[in-house]
Every structure is written in structure tokens, then in C-alpha cells.
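Written below as C-alpha cells is the structure these notes are about.
The values are calculated or read from the model by the stated rules, or taken from the named source; none is laboratory data. Only a predicted model underlies this, so the values are computations on that prediction, with no experimental measurement involved. As a convention, Cβ positions derive from the backbone with ideal geometry for all residues, glycine included, and neighbour counts pool all protein chains shown. Areas reflect the complete protein model, heavy atoms only, side chains present, ligands, DNA and RNA absent. Shrake-Rupley method; radii C 1.70, N 1.55, O 1.52, S 1.80 Å.
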Amino acid sequence: AVGKLEEPPDQPEPAIASEELDEKASAVLPAGLLEQLADAKWKERLEACEKFQEFVEGLSPEEIQSHLFVKVLAKKPGWKDSNFQVMKAKFSVVAVMAEKAKIFGKRSTACVLPGLVEKFADIKVKGQSGETLMVMAERLTLNFISLQVMKVAFEQKSPKVHSESLDWLNSAIKSFGFLINVKPHLDYIKKGLAATNPQVRTCAIGLIGTLFLFLGQQLRMFFEEEKPALLQQIDAEIEKMSGQTAPAPTRGPNV
């Protein structure tokens, strides 16, 4: 049953003003870590991220201050770091927090999710970016995270971000099962179908094929107003999927 999907319970996270960030962080993080995260040398920044991860892994779930720690990672150069190894390491720390912390809520999510989605455009980072989002979806529900991903992705101009976000959603539905409210997601699929970039259109059509495994022929009626050439491609994808069964979930609440 598709049904109405629950919003994740909002775990209150205290707001942290920018001017108090360093003071609060210095009180709990290992000495020198804040400075090392902002070092001009990328190897120093990478080492700082690795130390940060070890530190978080050594804490109890109650001791992990997700919002504070995510804000520290987001601090300049933050999600704009030019080195791909540093970015992967930062997103890895976020994944550990999302999995382990007693509280990892919407504030922490809002702080990191735009950076994760933007890095879909970077071939060297997109794997870790996608995995961190999967872990966050396990924590905060797939429906909540996937709608945020789509919203942020389609606010960007990059066709690469559009195609990779549709691809990520395709993988996520195969991994979690049909744990999304389909109608709000359809708006973004239709934006993908309307794209001038052929790769974006291809990813949107592939996603329709996956949704067909869960919804069957009723899905087709949502696309009846599309242009005939596009409908032909959608029908070909549906035909390709006919007779296949939806994969069993490998992550999330139904595993």
C-alpha cells in the first residue's frame, strides 16, 4: 500500500549562531582541529577530516552534537573545498553522524544537503555524496530526503546535477522499496522529461521504468500529456520492465 507517508519526527537541534561556532566547537573538539580543517594545504585538511571521523566514532550516540559538527565541516572552505579527497572525507564524517548520533535532525540536514547535491556534478565525489544521502534517508525517511534532493537539484542549473539526482532517486527506490509519495516526485520527473539535455531525459525515463515496477499501468496516466515522441520512449521503457518484479529492499525500515 502506498498510503500517506509520515514526516520524520523532528528532533529539536539548538540553533548555533556563526559567532559562537568556534567557541562551542573548541570546547569539545580535539585541540587544533578547527585550524587544521581550514589549513591552506589540502593534505592537512584531509588529515583533519580523518581525525574528525575518528573522534566522532569514539563518542557515544548521546555525545555526538550533529548540528554543531556539521556546521564546523561547512565552515569555509566548507562544501566548496577544491580537493575531492577532502570533500569525500567530510561527507564520510556526516554519514557516520547520521548513522550513529542520537540526534541528527532537519537542521543538520539543511546544513549539508545542498553541498551533497551540488557534488553530484563531481565524478570523483558523487559516490560518497550519494551514499551519505542514503544513510540520511535511512535516518530521516527516504521520502523526506528524496524530496529535498529533488528540490535542491532542480534549483541548480547544472544538467549533470539534474541527471545524477534522478539516478540517485532511482537507486534509492530500488534499495528502500516504494517509500515515497509519488505525486510530489512526479513534478521533478516531468522537469527531467522537459530538459533539453538528453542525459537528463534518459535518467527521468529510467526512473519511470523503476516506478512502473511498483505502480504498474496506473503510472502511465500521469504522462499522457507528454509529446508523442517522448511518450513513445516512456512506453518502450515500460514495455522493457513488463513482467519484471520489484526488487526486495536492501536498506531502510523494511529490511
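Considering only Cα atoms, the convex hull volume of the chain works out to 129 Å³ per residue.
Find the relative contact order for the chain and round it to a whole percent, using C-alpha pairs within less than 8 Å whose residues are 6+ positions apart.
Working: 313 pairs, mean separation 43.0, N = 255.
Over the chain, the number comes to 17 percent.
Of the residues GLN53, GLY32, VAL117, the one whose Cα sits farthest towards the positive end of the charge dipole of the chain is VAL117 (charges of +1 on Lys and Arg Cβ, -1 on Asp and Glu Cβ, taken about the Cα centre). Under the criterion of Cα pairs below 8 Å and six or more residues apart, the relative contact order for the range 1-142 equals 27 percent. One quarter of the surface of the convex hull around the alpha-carbon atoms of the range 68-144 equals 4.5 nm², the direction-averaged projected area.
Translational diffusion coefficient, Stokes-Einstein: compute it for the range 126-255 using the Kirkwood radius over C-alpha pairs as Rh, at 4 °C and 1.567 mPa s, and state it as an integer in µm² s⁻¹. Don't jump to the answer; show the numbers that get you there.
Working: Rh = 14.8 Å.
Reported coefficient: 87 µm²/s.
Beyond 18 Å, what share of the Cα-Cα pairs of the range 207-252 remains, rounded to the nearest whole percent? Write down the numbers at each step before the final one.
On the way: 295 of 1035 pairs.
I get 29 percent for the Cα pairs in the range 207-252 exceeding 18 Å.
Contour minus end-to-end for MET221 and ALA246, with contour as 0.36 nm per residue of separation and end-to-end as the Cα-Cα distance?
Numbers: separation 25, 0.36 × 25 = 9.00 nm, distance 1.99 nm.
Value of the extension gain: 7.0 nm.
Against the chain, whose longest principal axis is taken from its Cα atoms, helix 42-57 shows a tilt of about 90°.
With R₀ fixed at 25 Å, the C-beta to C-beta distance from ASN181 to GLN156 puts the FRET efficiency at about 0.65. As a test question: what accessible area, to the nearest 10 Å², does PHE212 have when a 1.4 Å probe is rolled over all protein chains in place? Here the residue's solvent-accessible area equals roughly 20 Å².
Modelled this way, with points 7 Å down the Cα-to-C-beta line, the labels at GLU62 and GLU131 are 3.1 nm from one another.
Taking a 27 Å limit on the Cα-Cα distance, which of the listed pairs LYS124/LYS183; LYS24/LYS100; LYS90/LYS183; LYS24/LYS124; LYS71/LYS102 fall beyond it?
Values: LYS124/LYS183 32 Å; LYS24/LYS100 21 Å; LYS90/LYS183 33 Å; LYS24/LYS124 33 Å; LYS71/LYS102 17 Å.
Checking Cα-Cα distances, LYS124/LYS183; LYS90/LYS183; LYS24/LYS124 exceed 27 Å.
The label-point distance for GLN199 and PHE84, in a model that sets each label 7 Å from Cα toward Cβ, rounds to 1.3 nm.
Summarising the label geometry, the points placed 7 Å from Cα in the beta-carbon direction at SER171 and ALA229 lie 3.1 nm from one another.
Per-residue packing, averaged as other Cβ atoms within 10 Å, sorts the ranges 24-35, 155-166 into the order 155-166, 24-35, beginning with the highest.
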